[in-house]
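Heads up, the thing below is written out as structure tokens.
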Amino acid sequence: MRHAWNRMSSWLLPSLLLVACGPSQEPVEDTEASEVGTSEQSVLYPPPAPSSGDIVDSTAFLGPLGLNSFVQTSFTTNPQYLSFNFKVAAGAQVRLEVTHGGSSMGLDTGLFIYGPKNANGSYGTTLRAQDDDAGYGQLSKVNSLTLAQGGEYLAVVSTGTGAGKQFRLVLGCLNSACAEPSLFTACDLDVATRIEVCDESVVEVQHVTPAQALPQCTDAQDAHDAFVENCVVSSGAKPWCADGEAAFTTKMWPVCKDFYYRYYGAGPLPLTQLPLSSTLQAAQAAGHTRCKTGENWCDESLWALNVPSVAGTTPVSLDRVAEGAFASIPALSANQNLQFERQPDLTYAEFGSHVQQFFPELVAALPGALGNGTEVAQVARYYASEPVAPGAKDYHSLYVVYFPVSHQTAVFWLIRHEI
């Protein structure tokens, strides 16, 4: 059963009329040798280096520029430096252009890229790329720029003679690696709403349960339609659209399906295993070495998992995450020998005190590796013991460490051996 959604909304970017500060300045010669996207002609009016060391202070900052999107505004004085920030993942290859369409005739611009923003919130003054006239007429274009470091960058469009003229700045992704991976860890709210509307319609028409209706709303055609609805639009595409339909289909769409699988009562919430980062691998290895030193004190297992969620809604409860963890990890779901018992939940500090003796590096690494560094983690604890030899037992402590804002969890299984 198919339902048509025509919710493609159009919106008009307002002209932003802000006057930039900074002294009048003559054009300077381009001293960059062969920067990607750099014209060999003279560069128009670079923003003067401010005493603060943050180039944005020499510009009129007008807000964000979305991936595969554009901003349109007007210059109001001569010279003027208008700036926009944009965020990309590590390895993104982007194209920035002041386009003929949307820009006034006879406009002469310069284009400068700075960043990424550092921990102090400064873009610095180091140019990543610059151009004068590589675009249409005297408009500017950085045709291809690879940004090895992810983060927030600053694009500055300048003019020396363009007061009263408008321009359009377009940002495109060239390699399907621009969007931050965190954008795919939860189901976009509009995508989730689409699934819910479809499911409710099928239930009403066919008189089936929501779980029975779900396959009719989450097949390959539904995934394609959801991508088109959110991404193939004249303006306002979602940031995750920048990585293309294949990324949406293989990354976010399964998260949406898994969330509603549990939401409609079809079974435990499926958690998808994530590769351990190099930081977590190193932290686990350091603890493992301590466990094996001397008397073979302990063994451990560590998993990182994504929690299917819907962005902008109440996070999945810790109970559901823990239930999903047991169902999603074969070493736990297939183990019939151990009878884990749920213990009182822990704070992250209490979890740290439980495992600090052997795994201090892991305690330090988890919030940054799976969380955003500041969110409050929730920890479910389970305990079991089993005899392994006459007069000797193994003591099993299982911790489900859940980061509800980042939609990710770690499952840490520590086995202490009785010596």
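The values are calculated or read from the model by the stated rules, or taken from the named source; none is laboratory data. The structure displayed is predicted, hence computed values, not measured ones. Ideal geometry is used to build each Cβ from the backbone, glycine not excepted, and the neighbour counts take in all protein chains shown. Surface accessibility is based on the protein's heavy atoms, side chains included, excluding ligands, DNA and RNA. Shrake-Rupley method; radii C 1.70, N 1.55, O 1.52, S 1.80 Å.
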- Item | Residues satisfying the stated conditions in the stretch 364-417, i.e. within 21 Å of the chain's Cα centre (by Cα) and part of a loop (DSSP other than H, G, I, E, B) | G371, N372, G373, T374, E375, V376, A377, P404, V405, S406, H407
- Query: Just checking, how many residues over the stretch 176-204 are open to solvent by 30 Å² or more (accessible area, probe 1.4 Å), among the hydrophobic types (A, V, I, L, M, F, W, C) and not in a loop (DSSP other than H, G, I, E, B)?
  - Reply: 4
- Right, L269: closer than 26 Å to V376 by Cβ, assigned to a strand (DSSP E or B) and in contact with a Gly (Cβ under 9 Å, 6 or more places away or on another chain) or not? no
- Item | Residue selected from the stretch 386-406 under the condition exposed (fewer than 15 other Cβ atoms within 10 Å of the Cβ) and touching a strand residue (DSSP E or B) at 6+ places or on another chain (Cβ under 7 Å), by the criterion nearest to V363 (Cα to Cα) | Y395
- Output the number of residues of the stretch 278-310 satisfying the condition of being surrounded by fewer than 18 Cβ atoms within 10 Å (Cβ to Cβ) and closer than 18 Å to A377 by Cβ. 1
- Query: Has the stretch 408-416 got any residue that is open to solvent by 30 Å² or more (accessible area, probe 1.4 Å) and free of Cβ contacts under 8 Å to residues at least 24 places away in the same chain?
  - Reply: no
- Scan the stretch 108-131 for residues that are in a loop (DSSP other than H, G, I, E, B), within 21 Å of E97 (Cα to Cα) and touching an Asp or Glu at 6+ places or on another chain (Cβ under 7 Å) and report the count. 3
- Message: If the requirement is being small (G, A, S), open to solvent by 30 Å² or more (accessible area, probe 1.4 Å) and within 23 Å of A90 (Cβ to Cβ), which of these qualifies: A134, A155, A148?
- Response: A148
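Looking at G244, G287, G236, G265, which is the one that is under 30 Å from T209 (Cβ atoms) and out of contact with any strand residue (DSSP E or B) (no Cβ under 6 Å at 6 or more places or on another chain)?
After ruling out the rest, the residue left standing is G265.
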- Counting only residues that are modelled with pLDDT under 95 and of a type in the set (V, I, T), how many does the stretch 105-154 have? 1
- So which helices (runs of 4 or more DSSP H) stay within the stretch 311-363 end to end and still have 1 or more residues that are open to solvent by 80 Å² or more (accessible area, probe 1.4 Å) and under 20 Å from P270 (Cα atoms)? 318-328, 330-333
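Per-residue answers, yes or no, for (1) acidic (D, E); (2) open to solvent by less than 40 Å² (accessible area, probe 1.4 Å); (3) modelled with pLDDT of 70 or more:
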position	(1), (2), (3)
S42	no, no, no
I55	no, yes, yes
P64	no, no, yes
N85	no, yes, yes
E97	yes, yes, yes
- Note on the structure: Picking from A92, A129, A134, the residue that is more than 30 Å from A311 (Cα to Cα) and either of a type in the set (D, E, K, R) or within 26 Å of the chain's Cα centre (by Cα) (or both) would be A129
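For the stretch 206-221, which positions are β-branched (V, I, T) and at pLDDT 95 or above?
The one that is β-branched (V, I, T) and at pLDDT 95 or above: T218.
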- Filtered residue count, the stretch 132-175, keeping only those that are among the charged types (D, E, K, R), in a loop (DSSP other than H, G, I, E, B) and either over 15 Å from Q72 (Cα atoms) or without any contact (Cβ under 8 Å) to a residue 60 or more places away in the chain (or both): 2
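What number of residues in the stretch 361-387 are out of contact with any helix residue (DSSP H, G or I) (no Cβ under 7 Å at 6 or more places or on another chain), of a type outside the set (S, T, N, Q) and without any contact (Cβ under 8 Å) to a residue 12 or more places away in the chain?
Quick first cut of the stretch 361-387, residues out of contact with any helix residue (DSSP H, G or I) (no Cβ under 7 Å at 6 or more places or on another chain) only: 364, 366-368, 370-372, 374-376, 381-387.
Then keep just the ones that are of a type outside the set (S, T, N, Q); that gives 364, 366-368, 370-371, 375-376, 381-384, 386-387.
If we keep only those that are without any contact (Cβ under 8 Å) to a residue 12 or more places away in the chain too, we end up with 387.
The qualifying residues number 1.
Regarding T77, is this residue out of contact with any helix residue (DSSP H, G or I) (no Cβ under 9 Å at 6 or more places or on another chain), of a type in the set (S, T, Y), buried (at least 18 other Cβ atoms within 10 Å of the Cβ) and modelled with pLDDT of 95 or more?
Numbers: out of contact with any helix residue (DSSP H, G or I) (no Cβ under 9 Å at 6 or more places or on another chain): yes; of a type in the set (S, T, Y): yes; buried (at least 18 other Cβ atoms within 10 Å of the Cβ): no; modelled with pLDDT of 95 or more: yes.
No, not satisfied.
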- Task: From (1) at pLDDT below 95; (2) more than 18 Å from V405 (Cα to Cα); (3) not in a loop (DSSP other than H, G, I, E, B); (4) not polar (S, T, N, Q), pick out the condition that doesn't hold for D258.
- Result: (2)
- Task: Output the residues belonging to the stretch 228-253 that are free of Cβ contacts under 8 Å to residues at least 24 places away in the same chain, in a helix (DSSP H, G or I) and either closer than 18 Å to S309 by Cα or β-branched (V, I, T) (or both).
- Result: V228, T250
